[in-house]
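Take a look at the structure below.
The values are calculated or read from the model by the stated rules, or taken from the named source; none is laboratory data. Remember, predicted model here, so these are calculated numbers, not experimental data. Every residue, glycine as well, gets a Cβ built from its backbone with ideal geometry; the counts of neighbours run over all protein chains shown.
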């Protein structure tokens, strides 16, 4: 049943007259009568008692009236909540500095950030890539910063001190990326250990020279020192990866979500158990900041 029929029913009950209600609703009396008859058919019961003095509600009619009034009230509250939320989104202003580790599938964060700025058009975003220790240190020193961090095993846990708040989001797995025509891909490994990777030429994406990439920290932890290329430009990184025999590690991604950057690449699972999780890091003094909380919730729901 269409919800406007409930509004018409409420008005008829209030006026106790089809004629008066039709004038108030700017409907013809015949049309309103048809809609009330349809309402009775919908509930499969008689809702009105019709007399020469007008109409009154039956007991079932009184029950339907109470229910209809609750439905209309809830609808108004819902619309008001949406209106208030939209007003809040357009009125929220400020600058949000987001720090993120080097990400070879950068489209993942850019997609979320583009959606966020579309919903909050008056929030300006500064997005910077850097190493994990530097992100943690920057968030500690700059309370208004937000860090998207990647925790790997217990590698960075000691750096997250009491003045910081970490919001875990989701787990992910590392895989090896190689070009489908490379020697590595043609060996068709079902999986590979980190130790076996020590015999392979590795390439990493490292946007800043003064801060280690997460992969460097992981490789150092597992004794991998065979990094042949460290590249600060993402286009150059993919050009080397797709044209040569080099391989790299990265978070497992669905090719259909990142067709431009993963085209021609194949993945090989890592055999070692590596506990990896993406999360948001903020300073505890900003845990009640409305703008930061909006971003945390949005990031968690969008990824």
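Per the listing 110, 118, 126, the residue uniquely surrounded by fewer than 16 Cβ atoms within 10 Å (Cβ to Cβ) and at pLDDT 85 or above is 126. Within the group 301, 225, which residue is more than 17 Å from residue 102 (Cα to Cα), modelled with pLDDT under 85 and not in a loop (DSSP other than H, G, I, E, B)? Of 301, 225, the one residue that is more than 17 Å from residue 102 (Cα to Cα), modelled with pLDDT under 85 and not in a loop (DSSP other than H, G, I, E, B) is 301. Comparison of 35, 92 shows that the only residue that is within 30 Å of residue 298 (Cβ to Cβ) and surrounded by 15 or more Cβ atoms within 10 Å (Cβ to Cβ) is 92. Only one entry of 241, 215, 257 meets the criterion of being under 23 Å from residue 109 (Cβ atoms), at pLDDT below 80 and outside any loop (DSSP other than H, G, I, E, B), and that entry is 215. Is it the case, given these coordinates, that residue 114 is in a helix (DSSP H, G or I) and without any contact (Cβ under 8 Å) to a residue 40 or more places away in the chain? So residue 114 passes the test.
Every condition in (1) within 16 Å of residue 289 (Cβ to Cβ); (2) touching a helix residue (DSSP H, G or I) at 6+ places or on another chain (Cβ under 6 Å) holds for residue 119 except the one numbered (1). A count restricted to segment 157-172 and to residues that are at pLDDT 85 or above, surrounded by 14 or more Cβ atoms within 10 Å (Cβ to Cβ) and assigned to a loop (DSSP other than H, G, I, E, B) stands at 1.
Looking only at segment 187-200, decide whether some residue is part of a strand (DSSP E or B) and under 24 Å from residue 287 (Cβ atoms). No, there is no match, as no residue in segment 187-200 is part of a strand (DSSP E or B) and under 24 Å from residue 287 (Cβ atoms).
Counting the residues of segment 265-298 that are assigned to a helix (DSSP H, G or I) and closer than 17 Å to residue 141 by Cα gives 4. Among the residues of segment 21-52, just one is in contact (Cβ under 8 Å) with a residue 24 or more places away in the chain and in a loop (DSSP other than H, G, I, E, B), namely 47. Cβ-Cβ distances below 9 Å connect the following pairs, each with a first residue in segment 4-20 that is in contact (Cβ under 8 Å) with a residue 12 or more places away in the chain, a second residue that is assigned to a loop (DSSP other than H, G, I, E, B) and buried (at least 21 other Cβ atoms within 10 Å of the Cβ), and a separation of six or more residues or different chains: 9/47; 13/47. The set of residues in segment 20-31 being more than 10 Å from residue 9 (Cβ to Cβ) and either at pLDDT 90 or above or surrounded by 12 or more Cβ atoms within 10 Å (Cβ to Cβ) (or both) consists of 20, 22, 23, 24, 25, 27, 28, 29, 30, 31.
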